[in-house]
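Asks: Attaching a single structure in structure tokens format; questions to follow.
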Amino acid sequence: MTTILNGIITFVSTGMDYLMVLLVLFHRFKHPRQRLAIICADYTGTSILVIIALVAALVLRQAPDQWLLGFLGLVPLMLGGHLLIHGQTEPSAAQRVSGHHLFLTVTTITVTACGADNLGVYIPYFTILDRRELILTLVTFAVMVAIFCLLAYTITHLPVIKAGLDHFGPLLTGILYLWLGTFILIDNGTILHLWRMLGH
């Protein structure tokens, strides 16, 4: 029970910001195939991060330098800038995005938006778990991915949230991506490290 609780706390502590990303994704892409693509991409992106964390924890026994992980924030910055500049000119534009394209995009967002925080927490955490605890933790993570998807989908149907997203959806999505990218760069000390490298 303690292992499950610790797994839930670990997942939630690194995933609350990504819940906001899921929320805008589920609101913007409404076709059943698109929403299935989002869920599958969430699982794929999370699996990639877990595999990287496992390799680092079991083989390297250490996490990469935190400032290097911060470079993952460049991808959300580019996505946010692109969305704010080009926007979504037609309400139906999102519905024409293919499931395959959406899957690749959301997988990329999952890895880059969550990568720095997740790897920084997962790697040291995995090193202290035995095999049974590790398996139980991974199962817990899988269940939490489903819960987060369900929670985000449910929230998008709340009248107040839906009205706000209908009106400001693309703008909020762009701002969210920019905030995530900037936060990742600053929180992981990437900008400060580069500043010091330049001799300031």
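Bear in mind that the values in this text are calculations on the coordinates, not laboratory data. Just so you know, these numbers come straight off a predicted model, no measurement behind them. Every residue, glycine as well, gets a Cβ built from its backbone with ideal geometry; the counts of neighbours run over all protein chains shown.
Asks: Round to the nearest 10 and give me the degree value, 0 to 90, for the angle of helix 131-155's Cα axis relative to the longest principal axis of the chain.
Replies: 20
Asks: I'd like the distance between the alpha-carbon centres of the stretch 98-120 and the stretch 173-200, rounded to an integer number of Å.
Replies: 18
Asks: How tilted is helix 99-127 with respect to the longest principal axis of the chain? Cα atoms for both, answer in degrees (0 to 90, nearest 10).
Replies: For helix 99-127, the angle is close to 30 degrees.
Asks: Give the Cα extents of the stretch 131-200 along the principal axes, in whole Å, largest first.
Replies: Dimensions of the stretch 131-200 along the principal axes of its Cα atoms: 51, 48, 12 Å.
Asks: Compute the Kirkwood hydrodynamic radius of the chain, taking the inverse of the mean of 1/r over all pairs of distinct Cα atoms, and give it in Å to one decimal. Please report the intermediate quantities before stating the final value.
Replies: Numbers: mean 1/r = 0.0565 Å⁻¹.
After inverting the mean inverse Cα-Cα distance, the result is 17.7 Å.
Asks: Using only DSSP helix segments of four residues or longer, with each worth -39500 (n - 2.57), what per-residue ellipticity at 222 nm results for the chain after dividing by its residue count and rounding to 500? Walk me through the intermediate numbers first.
Replies: Numbers: 8 runs with 159 residues, N = 200.
Result for the chain, helices only: -27500 deg cm²/dmol.
Asks: Report the calculated FRET efficiency for R132 and I8 (r = Cβ-Cβ distance, R0 = 22 Å), to the nearest 0.05.
Replies: Values: r = 17 Å, r/R0 = 0.78.
After rounding to 0.05, the efficiency reads 0.80.
Asks: Can you tell me the orientation of helix 159-187 relative to the chain, as the angle in degrees between its alpha-carbon axis and the longest Cα principal axis, to the nearest 10?
Replies: Roughly 40 degrees between the two axes.
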